[in-house]
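The values are calculated or read from the model by the stated rules, or taken from the named source; none is laboratory data. Remember, it's a predicted structure, so these values are computed and weren't measured experimentally. Virtual Cβ from ideal backbone geometry, glycine too; neighbours counted across all protein chains shown. Please note that ligands, DNA and RNA were not included when accessible areas were found on the heavy atoms of the full protein model with its side chains. Shrake-Rupley method; radii C 1.70, N 1.55, O 1.52, S 1.80 Å.
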Amino acid sequence: MAEKTEFGADYTEHDEKIATETHKQPQLADTTGRRASVALNIVHNPLQSVSPEQNVRDAQAFADKFGMGEHASLFGRAALVARDPSRFEMVNELLDDERAALIYERDHKWNGPVMLWYSIALCAVGAATQGWDQTGSNGANLSFPEEFGIHGKGRDEWIVGVVNAIIFLTAGLIGAFIVDPLNHYLGRRGEIFLTACCLTATPIGSAFARSWQGLFAARFVMGIGIGAKNATVPIYSAEMAPARIRGALVMFWQLWVVAGIFLGFCANVIVKDTGRIAWRLQLGSAFIPSFILMAGIWFCPESPRWLMKHGRVSEGFKSMAALRAHPIIGARDYYYSYIIYEEELKVAGSSGYFSRMRDCFTVPRIRRANYGASTVMIAQQMCGINIISFYSSTIFENVGYTATQALYASLGYGAIQVVFTIPTLFLIDTKGRRTLTLITFPLMCVFLLAAGLSLLKTDGSRGEKIGPVVLFVYLFTICYSLGEGPVAFQYSAEVFPTIQREQGMAWAVCINNTFAGILSLTFPRMQTVMTPTGAFGFYAGLNLIAWFMIFCFVRETKQLTLEELDQVFSVPTSQFLGYEIKVWLPYFIKRHILRRKIEKPPPLIEKADVIGDTSEAII
């Protein structure tokens, strides 16, 4: 039987239509006079399938249909801009202020209204909750086991592990899968408010726990809130952000996760001298960013795409207009989203929750996106970063630091994550998600292995024993912050179609948090059974496996709209892998390893309006 795409077309009529572009495009001359090969697959704009006059009529009919008749002319002009966005200056129908706004947007990448920056920043602050919770338990691990009489070996190690791990297990196995009904009935903002309430109350409950069972119960509920929040906030940010800087804006999520890690370590250091209640203050302080999120979310607009999805089209345009610098920009982005959404509806119809979840594994385009999202999510745990996030204070204490020195060393780890995540704001939409991860994973393998081997040194001064371990852990952290750290949630939030976005993100968050829970649960015992060096070596090896998985399944998504990604993932996996193995890898080896000056091959996928400009290659 022929394979189906999300548009319901037969493989031979849809995927093959894209795939057969191979070698059939003419060569174009670039600005230097050299011949530039056209991409093997072109991302086509669906508005170009009809005449400009028909675009205008369709857009005006769209405005009238949904009670926006006063904006009919605006949408007509916006449709012409969306039809060929790189050549908007040729649209004579544009008003002077509209043309000026589009020129300013083109020339000023970071231009945007206050509401866009406020909404993205507020969601990013909410991400700090997860990082703060991780580091609160990191510091608390030095004292709460003794408080509850579970500081021995064997069974006690498993109890400490499960107390630390439970927030991630419930986040992945429960919280992620209640996202769809919560989003359906409450909207993006309402769901975020509810989870922020949960994450404000549960850290305070952890601080008042009277037994390890009580602490376990508080963290059990906390995990549900974390999972639901983690699956919604990146989607909300991705649906608001312009395509040209979506990676950087949504990446504020990761920046504030690591900021939360750093602030959590700061809190650990600040309260370290408070005696037996220190661990309670370390756990309880995590309510601060959630409280800010809870108080501020109602000043944000609802997601335009969520409103569109629920039939509130005119409200969706008002929301989009508030998130863009000029009405023409808002109308352009909103109308283009609507056109693609209508195509999705022709197949999805009124499909229910479980059928949309099934689509993530059965519909080829969505399944390929799921491969990529699942890969970057599980790779975040395979790389071993969270053995540092969860247990760095314990690791540093075991190699010879005092408890206070271990907290300060962990503070340095948190500071490095913040500092080296910032450059990625500017790299993720230029170098791309795939490139950053492929570069950094081999380096993470080397540095993590070196940190593990450094633990074998038992003679010499304390500085000689401790210094190399801390150095290589910090270098490992730098590489993580420049690649996998920012990419995982950013990539997963953007690759799924509008209709399956909640289900796809729920599955990705399930993968990420469940494996984080397994890591947190097993590492205390793993250190005893395998030795710390063996545990570090184990995760160093997983970095290489993660690199191979990314090479096979992760496709580049930089600077494409959420709708254009449909065509990126319509390229069959066999063709994608064939290109990577037979074309890209030989070129990379010859050009960057053997240092041969050879012509760059045509990219696998390229936007139709930038054919001939190889700087815009997508894959």
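Just to confirm my filter: which helices (runs of 4 or more DSSP H) fall fully inside region 228-284 and include at least 1 residues that are at pLDDT 80 or above, open to solvent by less than 10 Å² (accessible area, probe 1.4 Å) and in contact with a helix residue (DSSP H, G or I) (Cβ under 9 Å, 6 or more places away or on another chain)?
Working: elements: 246-250, 252-270, 278-284.
Per the criteria, 252-270, 278-284.
Could you list all residues from region 87-108 that are within 30 Å of the chain's Cα centre (by Cα), touching a residue at least 60 places away in the same chain (Cβ under 8 Å) and surrounded by 14 or more Cβ atoms within 10 Å (Cβ to Cβ)? Steps first, answer last, please.
Restricting attention to region 87-108, the residues satisfying the condition of being within 30 Å of the chain's Cα centre (by Cα) are 101-108.
Those still in the list that are touching a residue at least 60 places away in the same chain (Cβ under 8 Å) too: 101-102, 104-105.
Selection gives A101, L102, E105.
Just one of the numbered conditions (1) out of contact with any Ser or Thr (no Cβ under 8 Å at 6 or more places or on another chain); (2) touching a residue at least 60 places away in the same chain (Cβ under 8 Å) is not true of A373; which one?
(1)
Looking at region 198-211, is at least one residue polar (S, T, N, Q) and more than 21 Å from G161 (Cα to Cα)? Steps first, please.
Within region 198-211, the subset polar (S, T, N, Q) is 200, 202, 206, 211.
Now restrict to residues that are more than 21 Å from G161 (Cα to Cα): 200.
Checking region 198-211: at least one residue is polar (S, T, N, Q) and more than 21 Å from G161 (Cα to Cα).
If Q417 satisfies all but one of (1) buried (at least 23 other Cβ atoms within 10 Å of the Cβ); (2) out of contact with any Leu (no Cβ under 8 Å at 6 or more places or on another chain); (3) under 19 Å from F553 (Cα atoms), what's the number of the condition it fails?
(3)
Which of (1) at pLDDT below 90; (2) in a helix (DSSP H, G or I) is the odd one out, the single condition S350 does not satisfy?
Unmet for S350, out of (1) at pLDDT below 90; (2) in a helix (DSSP H, G or I): (2).
Look through region 288-328, keep the residues that are aromatic (F, W, Y) and at pLDDT 90 or above, and return whichever of them is nearest to A238 (Cα to Cα). Steps first, please.
First pass over region 288-328, keeping only residues aromatic (F, W, Y): 291, 298-299, 306, 317.
Okay, now just the ones that are also at pLDDT 90 or above, so 291, 299, 306, 317.
Values: F291: 23, F299: 18, W306: 12, F317: 16 Å.
In this case the residue turns out to be W306.
Filter region 351-367 down to residues that are open to solvent by 10 Å² or more (accessible area, probe 1.4 Å) and touching a helix residue (DSSP H, G or I) at 6+ places or on another chain (Cβ under 7 Å) and give me whichever is farthest from M549 (Cα to Cα). Walk me through how you get there before you give the answer.
Residues of region 351-367 open to solvent by 10 Å² or more (accessible area, probe 1.4 Å): 351-359, 361-363, 367.
Restricting the remaining residues to those that are touching a helix residue (DSSP H, G or I) at 6+ places or on another chain (Cβ under 7 Å) gives 353, 356-357, 359, 361, 367.
Numbers: Y353: 29, R356: 25, M357: 23, D359: 22, F361: 18, R367: 15 Å.
So, considering only residues that are open to solvent by 10 Å² or more (accessible area, probe 1.4 Å) and touching a helix residue (DSSP H, G or I) at 6+ places or on another chain (Cβ under 7 Å), the one farthest from M549 (Cα to Cα) is Y353.
Identify, by number, the condition in (1) closer than 16 Å to I339 by Cβ; (2) open to solvent by less than 70 Å² (accessible area, probe 1.4 Å); (3) free of Cβ contacts under 8 Å to residues at least 40 places away in the same chain that S49 doesn't meet.
(2)
Scanning for something in contact (Cβ under 8 Å) with a residue 12 or more places away in the chain and either in contact with a Lys or Arg (Cβ under 8 Å, 6 or more places away or on another chain) or not in a helix (DSSP H, G or I) (or both), does region 437-453 turn up at least one residue?
Checked region 437-453: no residue is in contact (Cβ under 8 Å) with a residue 12 or more places away in the chain and either in contact with a Lys or Arg (Cβ under 8 Å, 6 or more places away or on another chain) or not in a helix (DSSP H, G or I) (or both).
Take T5 and tell me if it is at pLDDT below 90 and open to solvent by less than 20 Å² (accessible area, probe 1.4 Å).
Values: at pLDDT below 90: yes; open to solvent by less than 20 Å² (accessible area, probe 1.4 Å): yes.
In short, yes.
With G126, G152, G131 as the choices, which residue is open to solvent by less than 40 Å² (accessible area, probe 1.4 Å), assigned by the TED database to the domain that holds T200 and not in a helix (DSSP H, G or I)? Steps first, answer last, please.
Numbers: G126 fails: not in a helix (DSSP H, G or I); G131 fails: not in a helix (DSSP H, G or I).
It is G152.
Could you check how many residues of region 285-314 are of a type outside the set (S, T, N, Q) and in a loop (DSSP other than H, G, I, E, B)? Explain how you work it out, then say what you get.
The initial filter retains those residues of region 285-314 that are of a type outside the set (S, T, N, Q), namely 286-289, 291-302, 304-313.
With the extra rule that they be in a loop (DSSP other than H, G, I, E, B), the set shrinks to 286, 300-302, 310-312.
Residues flagged as of a type outside the set (S, T, N, Q) and in a loop (DSSP other than H, G, I, E, B) within region 285-314 amount to 7.
Which of the residues belonging to region 160-174 are out of contact with any Gly (no Cβ under 7 Å at 6 or more places or on another chain) and surrounded by fewer than 20 Cβ atoms within 10 Å (Cβ to Cβ)? If you could, list the steps in order and put the result at the bottom.
The first filter runs over region 160-174 and keeps only residues out of contact with any Gly (no Cβ under 7 Å at 6 or more places or on another chain), leaving 160-164, 173.
Of everything in region 160-174, those that are out of contact with any Gly (no Cβ under 7 Å at 6 or more places or on another chain) and surrounded by fewer than 20 Cβ atoms within 10 Å (Cβ to Cβ) turn out to be V162, L173.
In region 536-601, which helices (runs of 4 or more DSSP H) lie fully inside it and hold 2 or more residues that are open to solvent by 10 Å² or more (accessible area, probe 1.4 Å) and over 28 Å from Q381 (Cβ atoms)?
Details: elements: 565-568, 573-579, 585-588.
By residue number, 573-579, 585-588.
Name the one entry in I192, I224 that is open to solvent by 10 Å² or more (accessible area, probe 1.4 Å) and β-branched (V, I, T).
Numbers: I192 fails: open to solvent by 10 Å² or more (accessible area, probe 1.4 Å).
Answer to the check: I224.
Select from region 47-91 the residues that are assigned to a helix (DSSP H, G or I) and among the aromatic types (F, W, Y) and write down the one among them that is farthest from F317 (Cα to Cα).
Quick first cut of region 47-91, residues assigned to a helix (DSSP H, G or I) only: 47-49, 52-65, 69-83, 85-90.
Then drop every residue that is not among the aromatic types (F, W, Y), which leaves 62, 75, 88.
Details: F62: 12, F75: 11, F88: 21 Å.
Looking at residues that are assigned to a helix (DSSP H, G or I) and among the aromatic types (F, W, Y), I get F88.
So Y371 passes all but one of these: (1) in a helix (DSSP H, G or I); (2) at pLDDT 90 or above; (3) farther than 30 Å from Q575 by Cβ. Which condition number does it fail?
(3)
Against the conditions (1) touching a Lys or Arg at 6+ places or on another chain (Cβ under 8 Å); (2) open to solvent by less than 10 Å² (accessible area, probe 1.4 Å), where does S393 fall short? Just the number, please.
All conditions are met except number (1).
Quick one: how many residues across region 195-227 are in a loop (DSSP other than H, G, I, E, B) and among the charged types (D, E, K, R)?
First pass over region 195-227, keeping only residues in a loop (DSSP other than H, G, I, E, B): 208-211.
Narrowing the set further to residues that are among the charged types (D, E, K, R) leaves 210.
The number of residues fulfilling the criteria is 1.
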